[in-house]
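Here's the structure we're looking at; comments come further down.
The values are calculated or read from the model by the stated rules, or taken from the named source; none is laboratory data. Everything numeric here is computed off the predicted structure, so don't read it as measured data. Methodologically, a virtual Cβ is constructed for each residue, glycine included, from the backbone with ideal geometry; neighbour enumeration extends over all protein chains shown.
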Amino acid sequence: MTPERFEQINQLYHAALALAPIERAAFLDQTCAGDEALRQEVASLLAAEAQAGSFIEATPDDIAADLLAEPPAATTVGRRLGRYQLLSLLGAGGMGEVYRAKDTHLEREVAVKILPPQLAANPEALRRFEREAKAVAALSHPNILAIQEEIARHISESLRLKLSGGERQRLAKRQTTNIEAHQLYLKGHSYLYKADEGGLKQALEYFKQAIGLDPNYALAYAGMADAYVYLADNSSCPQRRRSRWRARRRRRPWSWMRR
Amino acid sequence: MARAAAQKALELDETLAEAHDALAGIKFQYD
């Protein structure tokens, strides 16, 4: 494709994009009259934009909020979990639900916190939950509610039974134990999908810093490979690169969640 | 550099989907 041809396609694509979807076909008929190849090229770019648009508009925060807003599995008042009878719901949030419950062995009231299923399957969330439970258990005052961490274990055990061996292995696998390296990887990943050279260079820098903190961080090396490819691609044809990464994002929309 | 990074990722974790995906993209575009 010649540079002139590319520029022609680029201009038509953006002009069509500025129109309402219903007007685009007529616009292309008129402007591409007699040049079917040109019409098909612009139409395919518009179709790719229409498919990718709704997903790209959703930020990772939106997706996470949707996930966390899912209703809890079957943790309802009146249900018995081990020796604890759930009496009433005290509160609920993104990190779980807290119930007033009765310890049927010791005949006393306790507070029971239950993780949502998506967090109960996450080893890091379970560890954080255990730390929280230990911190509260270290406090002793009649007005401070005791958290019963074994409930979380009970639920995670139930979930584990539903997972196959491969799934269990995959969930338990940790790409890095260095939190700072993990955060740098996430930052790099967010910059990776920016459509400009500056963003890609920033992504590359974050991946390098993550590898500096954890030289065995395979996921950061994979991110670095992506950044190099996109940078090389970006310098030759930004429009083509943008379409390509959108297609790629559709293939693995959840990769930003990997650790 | 992209290829070396993808290969290093696979050397560290041969089951990593992201690394296979990156290497496949490189082979598809440049080989």
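Observations, loosely collected:
- Residue, nearest to residue A:194 (Cα to Cα), within the range A:213-228, restricted to residues that are surrounded by 24 or more Cβ atoms within 10 Å (Cβ to Cβ) and touching a residue at least 12 places away in the same chain (Cβ under 8 Å): A:227
- Positions within the range A:218-235 being under 19 Å from residue B:17 (Cβ atoms) and either over 22 Å from the mean Cα position of the chain (by Cα) or among the aliphatic types (A, V, I, L, M) (or both), in sequence order: A:218, A:219, A:220, A:222, A:224, A:225, A:227, A:228, A:229
- The set of residues in the range B:1-18 being part of a helix (DSSP H, G or I), closer than 13 Å to residue A:228 by Cβ and at the interface with chain A (Cβ under 7 Å from one of its Cβ atoms) consists of B:2, B:5, B:6, B:8, B:9.
- Which listed residue, of A:41, A:36, is of a type in the set (Asp, Glu), surrounded by 12 or more Cβ atoms within 10 Å (Cβ to Cβ), modelled with pLDDT of 80 or more and outside the structural domain of residue A:119 (by TED's automatic domain parsing): A:41
- Matching residues in the range B:1-13 - criterion: being modelled with pLDDT under 90 and more than 18 Å from residue A:214 (Cβ to Cβ): B:1, B:2
- Any hit, the range A:201-217, residues being within 16 Å of residue B:6 (Cα to Cα) and under 15 Å from the mean Cα position of the chain (by Cα): no
- Only residues that are within 8 Å of another protein chain (Cβ to nearest Cβ) and either in contact with a strand residue (DSSP E or B) (Cβ under 9 Å, 6 or more places away or on another chain) or in a helix (DSSP H, G or I) (or both) were counted across the range A:207-219, and they come to 2.
- Subset tally (residues that are crowded, with 21+ Cβ neighbours inside 10 Å and aromatic (Phe, Trp, Tyr)) for the range A:192-212: 2
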